[in-house]
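S.K.: Handing you a structure now.
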Amino acid sequence: MMKSVLPFVAPFFVFTAFLIVEGWCPDQHYLLYVPKTICVGAVILWYARSLPTLVPKAPALSVLVGVAGVMLWVKLDPWLVHYDQPLIGRNPFQLYPANEAWALFAVRLLGIAVVVPIMEELFWRGFLMRWLIKEDFTTVPIGTYTPLSFFVTTALFAVEHGPEWPLGAIVGLIYGAWFIRTKSLGSVMLAHGVTNLLLALYCLRTNDWHFLSIVAPPHP
């Protein structure tokens, strides 16, 4: 059982371990993102042969789903999200010299647009959504729907996004519905990746970096 679980959960737990470290030293986010992206990406590649196909079944429509996701994320943010804790901005161009900032932002872009969508979708919809249906989750076809597995997975996906959980819930519902419709991990990964890519580019274009922020640790 463990052998079948690890390809889906190991990247997520490596990523989570780095998040804990970032919580201790949030000002080093961009520097820590380099080893985080490399390590999580390496774990995904290590287990790649044990994974189902990640080729999108509907690439063009998946891109459109991703565009819809980022539009909702940006437009609904002022209406749905109230930041009770301060957010630490992640503008690398205020933290590092220009050449270094561009290099670090490029790694951040690679991580958020490629590594993160693969890692998250492997865990949430590749593993958890099926495991909630049956403990031997590999016997559950990709994209199988039950109300419990769908809504629990969506709720936990939303909680993962911290103060932005209302946005995570809405976009998570869209990703989940697309996953069930296409029965393809690759399709939902592509949609997720497009959303993340465009969100990062939006931050760069508008110089509004709060979408790439972390909640500041509480003061003693």
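S.K.: Condition check: open to solvent by less than 20 Å² (accessible area, probe 1.4 Å), more than 18 Å from VAL70 (Cα to Cα), of a type outside the set (Asp, Glu) and in contact (Cβ under 8 Å) with a residue 60 or more places away in the chain. Does MET119 satisfy that? Full working, then the answer.
M.R.: Values: open to solvent by less than 20 Å² (accessible area, probe 1.4 Å): yes; more than 18 Å from VAL70 (Cα to Cα): yes; of a type outside the set (Asp, Glu): yes; in contact (Cβ under 8 Å) with a residue 60 or more places away in the chain: yes.
It is true that MET119 is open to solvent by less than 20 Å² (accessible area, probe 1.4 Å), more than 18 Å from VAL70 (Cα to Cα), of a type outside the set (Asp, Glu) and in contact (Cβ under 8 Å) with a residue 60 or more places away in the chain.
Condition check ((1) of a type in the set (A, V, I, L, M); (2) closer than 19 Å to ILE20 by Cα; (3) not in a helix (DSSP H, G or I)) across all residues:
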residue: THR37; (1), (2), (3): no, yes, no
residue: PRO52; (1), (2), (3): no, no, yes
residue: PRO56; (1), (2), (3): no, no, yes
residue: SER62; (1), (2), (3): no, no, no
residue: MET71; (1), (2), (3): yes, no, no
residue: VAL74; (1), (2), (3): yes, no, no
residue: VAL107; (1), (2), (3): yes, no, no
residue: GLU120; (1), (2), (3): no, yes, no
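S.K.: If you don't mind, another one. Of all residues in the range 14-39 being among the polar types (S, T, N, Q) and within 22 Å of GLU100 (Cα to Cα), which is most open to solvent (accessible area, probe 1.4 Å)? Reasoning before the result, please.
M.R.: First, pick out the residues of the range 14-39 that are among the polar types (S, T, N, Q): 16, 28, 37.
Narrowing further to those that are within 22 Å of GLU100 (Cα to Cα): 28, 37.
Numbers: GLN28: 77, THR37: 12 Å².
Filtering the range 14-39 for residues that are among the polar types (S, T, N, Q) and within 22 Å of GLU100 (Cα to Cα), the one most open to solvent (accessible area, probe 1.4 Å) comes out as GLN28.
S.K.: Pairs under 6 Å by beta carbon, first residue open to solvent by 60 Å² or more (accessible area, probe 1.4 Å) in the range 80-104, partner at pLDDT 75 or above, six or more apart or different chains?
M.R.: Close Cβ pairs satisfying both conditions: LEU80/PRO166; TYR83/PRO163; PHE93/ALA101.
S.K.: Restricting to the range 122-139, give me the number of residues that are outside any helix (DSSP H, G or I) and either crowded, with 22+ Cβ neighbours inside 10 Å or polar (S, T, N, Q) (or both).
M.R.: To start, the set of residues in the range 122-139 that are outside any helix (DSSP H, G or I) comprises 132-136.
Next, from what is left, pick out any that are either crowded, with 22+ Cβ neighbours inside 10 Å or polar (S, T, N, Q) (or both): none.
Total satisfying the criteria: 0.
S.K.: Run down SER213, SER149, SER184 and say which single residue is touching a Lys or Arg at 6+ places or on another chain (Cβ under 8 Å), more than 20 Å from PHE8 (Cα to Cα) and of a type outside the set (A, V, I, L, M, F, W, C).
M.R.: On the way: SER149 fails: more than 20 Å from PHE8 (Cα to Cα); SER184 fails: more than 20 Å from PHE8 (Cα to Cα).
Selected residue: SER213, the only one of SER213, SER149, SER184 that is touching a Lys or Arg at 6+ places or on another chain (Cβ under 8 Å), more than 20 Å from PHE8 (Cα to Cα) and of a type outside the set (A, V, I, L, M, F, W, C).
S.K.: Okay, next question. Of everything in the range 159-194 that's farther than 18 Å from GLY126 by Cβ and touching a residue at least 12 places away in the same chain (Cβ under 8 Å), which residue is nearest to the chain's Cα centre (by Cα)?
M.R.: Once the filter is applied, the top-ranked residue is VAL194.
The values are calculated or read from the model by the stated rules, or taken from the named source; none is laboratory data. No experiment lies behind these values; they were computed from the predicted model shown. Cβ: placed from backbone, ideal geometry, glycine included. Neighbour counts: every protein chain shown. SASA here: full protein model, heavy atoms, side chains in, ligands and nucleic acids out. Shrake-Rupley method; radii C 1.70, N 1.55, O 1.52, S 1.80 Å.
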